[in-house]
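Encoded as structure tokens, the structure appears first; notes follow it.
No lab work stands behind these numbers, since they all come straight from the coordinates. Just so it is clear, the structure is predicted and the values come from calculations on it, not from any experiment. Positions of Cβ are generated from backbone atoms using ideal geometry, with glycine treated the same way; all protein chains shown enter the neighbour counts.
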Amino acid sequence: MLSRVRFRRLPGRLSFVSHFHTSYPSWAKVHKTFKLADIGEGITECEVIRWSVNPPDSIAAFDALCEVQSDKASVEITSPFDGTVKELLVKEGEVARVGSGLCIIEVDEEVAVSLEEDAPSASQQNNASSGLQPSEAKPKEQTPFPTKRRPHPLDPNISPEQQLLLLGRNHANVLATPSVRHFAKQKDVELSLLVPGSGKAGRIEKRDIEAYLQIGISATNTNSATSTTSKDDPAEDAIVEFGRTRWNMYRAMTKSLEIPHFGYSTSLDLTVLHEILPIINSHIPRHYLPTSLHPPHTPAFSPSAIYPQPASPDVPSSGHYTKLTYLPILLKTLSKAMLEWPLFRSSITPSTSTSDKPTLTVRPNADISIALSTPTGLYTPTLQRVNTHSVYSVASQLKHISHLGRQIPSGLTPAEMPKRGGTVTVSNVGGIGAGEGASPVLVPGTGIAIVAIGRAKWIWDVDRGDGSGERRLKVNVSWSADHRVVEGAELVAFIESWRSWVEHPQRLIAEGV
Amino acid sequence: MLRACVFSTWRSHSRKRGLSTAANNTLSPHHSIYVSNSSNPYFNLSLEDWLFRHKNHKEPLLLIYRDVPCVVIGRNQNPWKEVNMVASRTTGVPWIRRRSGGGTVYHDLGNTNFSIHLPRSSFDRHATAQVVLRAVRSLGVDANINDRNDICVGKDKVSGSAYKIVNNRAYHHGTMLISTRLDVLGDLLRSNKPTMETRGVASVRSPVCNLQQYEPSVSHEGFVEAVIDSFRQEYNIEDSTHTVEENVNTLGIDYIHKGMEELPRWDWAFGQTPEFTYNISRTFDWGTVTARIRSKHGIILNCSFELPDGHQSISDDLVQDQSRQLEGQRYGFLDETKEGIQRMMEGPGAEIWQWLKMEMDT
């Protein structure tokens, strides 16, 4: 599962280095000591009030870990990793000094690979299996964890100077009005990077911050402690480091080599949907419409006159829309097919031991992940329980998720990207280009099938009509599935089930959507 | 007849529709400035926590509220050490454990509470204290901030502060003494148990005074306006002020409702008390007894006794029995339906037992 921007692993502390003889990277259980980070404001020690976990509980990133107290501040600390709690180093009621260990968490960590001698074979293997990956210049020195990533707020391993920068202390030589400082903090921009600003006496103005954001976060390089960039002649090859999400994609796709993929492509006939779309669009429920489009006055007669209707759900403005596209309908019909096919509502049960026979966890509901390409990288947020939502609701969620994804930095949170992603992933590449076919790639932990949906286009279908043919709207869909779990015939039958809903949406009337 | 009834009901609904639509609107946590019209401390604390957890964590938020008389202790404090339980019972003024750290304060309608919520990364105690300081100074009081970030006039504190920090959000909340009954405050917070030693935060006692002593024109309403102005200025807020009523709708918000239920429950109020020991002595006709009670999370871990030499009326066995009966009991809330406890209350050790009960009740 591609991780959210803030999810991180501590740099360093590699247990061993392996040479690239096999194609698969290895995993090891590593014990990480989670240290009490600087809370700021000159506090040097805190008392541990309550632990929310005990060994051997398992814990996920952002789960409550403990509560500490320092003079007048009560601080809730969450876990920075997914893992298992191994040992509590400070008891309730005891004092922990800033920088000392709070607890030990056992984490599954991918062991970094030496890139020195074996780099050519590595790149060959990667390029062969995932043709969609553009080749990147590999960094010269080994930097397994790029340091441009913004550390977790409680990362105790960064130096005090870096902490100072992160906590946003006001520096004496950074001139800016309080409202500009606040704007900068809202946008997560470090003011000291913009000195001198364009205002009077080098004052930083709001427009400086906006201009800086336009350049993008790839320009940021505050923590350059361990990273190196090539000092080669700039007129020739340039060595570029992986950004955070591209690096995550690199590692995830390398892991995907474990999965034997098989593919299947077909096209779905959207002509009937095309005809009913205007009608669906003219009946979008009020709470999904932008407020500017609400009727200006309440009608003289209202259904709420004798009894108030239940309050309509609170829909954020980022979830408003004026017309539907085919995607929410395709997702809804896909969820119908998933209800008929428990196999496609299941995922391989995560297990700690590789010697046990694997099991499938079947969910009662259809969770579908969406591949979202954003300015900050590729994410796969998940729409949960799509079968329980109307097409309108799905459209609203999609709009909201893309809005969050387009923010710099990304506004996606664990709420949109739960640890347990969907069982089927959908990639709407048709939105980007008029492709004819694709071979999407599955990443372990993301589900057992992925489909790339192309761009709908009108074609002449000679099989229809009375032999003379007909103009039909079709869209190509290319599936890849995990052949350890899914048989070819099962995938085809599942797709035919989906097709039946898409090409005969009238069925939804009888089912009541 | 029936038709007439239906018609008149319809008419009254349509007349009231304007009001009921407003009352049916659920409170949203997405505004920036809230003033609570409720003076129920359980409601206000739960409202504060709800806003803290549900507002967009990148945006600043201000909440102002007042409570009817009550004592509010910090999250990790010992109520028996901080509060004079006898005074609390006699005056009927309750005490409540809040969710932020820090010390003990007294609330009444002459005290106005402010609460500033910010993203964790831009949270700075000093800056938020300045926001409030500016407001106080704009009312004509020559106030300043001491080294513990409390607002003072001269040597007297007029405000106490506490903080709460979570993953991506933090708040600074505090009191502002405008016209509080300082005499009542003194009685309730004078618990006087020098031999009770607690882990956890002790209150730092300071002399306090009301703003009205320095500037009689200062009022709750004036302070509210001044803080709102100062807050708007600092964070560039244009949102209008939102008043919050304690009514069917706000009480219907699950999170607030659950919070209000949790606050007075034993598990939160007493069960969050850190470990403490209490050494007490009492001289009876036949000699002096010293007891040492150790408690954690509101439960008595053990109680050991020291008896006078050559005591005859009280046997060692009896005292051992008493110790055993006390173990595992809730401090201050002995289960008198338990057979063993009843025996204690009636037997020869009754005097000691009564004394212990009395000490735990203060």
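Summarising the amide proton neighbourhood of residue A:35: residues at separation of 5 or more, or on other chains, whose placed amide H is nearer than 5 Å comprise A:102. Amide H to amide H, with H built 1.01 Å from N, residue A:82 comes under 5 Å of A:61, counting only residues 5 or more places away or on other chains. Each residue of region A:87-95 is assigned a 3J(HN,Hα), and the resulting list reads 7, 9, 8, 10, 7, 4, x, 8, 9 Hz, derived from the Karplus form 6.51 cos²θ - 1.76 cosθ + 1.60 (θ = phi - 60°), x at Gly and Pro.
Using the rule -39500 (n - 2.57) for each DSSP H run of four or more residues, divided by the residues of chain B, the 222 nm mean residue ellipticity is -11000 deg cm²/dmol. Helix B:220-235 and the longest principal axis of the C-alpha atoms of chain B enclose an angle of approximately 70°. Per residue of peptide B:226-235, the mean number of Cβ atoms on other chains within 10 Å of the residue Cβ is 1. Per-residue Karplus couplings for region A:359-366, computed as 6.51 cos²θ - 1.76 cosθ + 1.60 with θ equal to phi - 60°, are listed in order as 10, 9, 9, 9, 9, x, 10, 9 Hz, Gly and Pro entered as x.
Label-to-label distance for residue A:31 and residue A:466 is 8.2 nm, based on points extended 7 Å past Cα in the beta-carbon direction. Values of log10 I(q)/I(0) for region A:287-438 across q = 0.09, 0.11, 0.13 Å⁻¹ run -0.39, -0.56, -0.74, by the Debye formula with one identical scatterer at each alpha carbon and no solvent. Sorting A:46, B:70, B:209 by the number of Cβ atoms found within 10 Å of their own Cβ, with the fewest placed first, yields B:209, B:70, A:46. Rounded to the nearest 20 debye, the dipole magnitude of region B:175-281 is 700 debye, with +1 charges on Lys and Arg beta carbons, -1 on Asp and Glu beta carbons, and the Cα centre as origin. Of the residues B:332, B:212, B:260, the one whose Cα sits farthest towards the positive end of the charge dipole of region B:204-362 is B:332 (charges of +1 on Lys and Arg Cβ, -1 on Asp and Glu Cβ, taken about the Cα centre). In this label model, residue B:37 and residue B:239 are separated by 1.9 nm, measuring between points 7 Å along each Cα→Cβ vector. This model, with +1 at the C-beta of Lys and Arg and -1 at the C-beta of Asp and Glu, gives region A:311-368 a dipole about its Cα centre of some 160 debye. With a 10 Å cut-off around each Cβ of B:117-123, the average count of Cβ atoms from other chains is 5. Rounded to the nearest 20, the Cβ-based charge dipole of region B:134-202 about its Cα centre (Lys and Arg +1, Asp and Glu -1) stands at 240 debye.
Averaged over peptide B:98-107, the number of partner chain Cβ atoms lying within 10 Å of each residue's Cβ comes to 3.
Database remark: amide H of residue A:425 closer than 5 angstrom to the amide H of A:369, A:449, A:450, A:451 (H placed geometrically; neighbours at sequence offset of 5 or more, or on other chains; Pro and chain starts carry no H).
Counting other Cβ atoms within 10 Å of each Cβ, which chymotrypsin sites (Phe, Trp or Tyr not before Pro) in region B:203-300 have at most 15 and sit in a DSSP loop?
Numbers: sites: B:214, B:223, B:231, B:235, B:255, B:266, B:268, B:270, B:276, B:278, B:284, B:286; in loops: B:270, B:286.
Here the sparse-neighbourhood loop sites are B:286.
Rounded to the nearest whole Hz, the Karplus-based 3J(HN,Hα) values (6.51 cos²θ - 1.76 cosθ + 1.60, θ = phi - 60°) of region B:203-219 follow the sequence 6, 9, 7, 9, x, 10, 8, 8, 4, 5, 5, 8, 9, x, 7, 5, 9, with x at glycine and proline.
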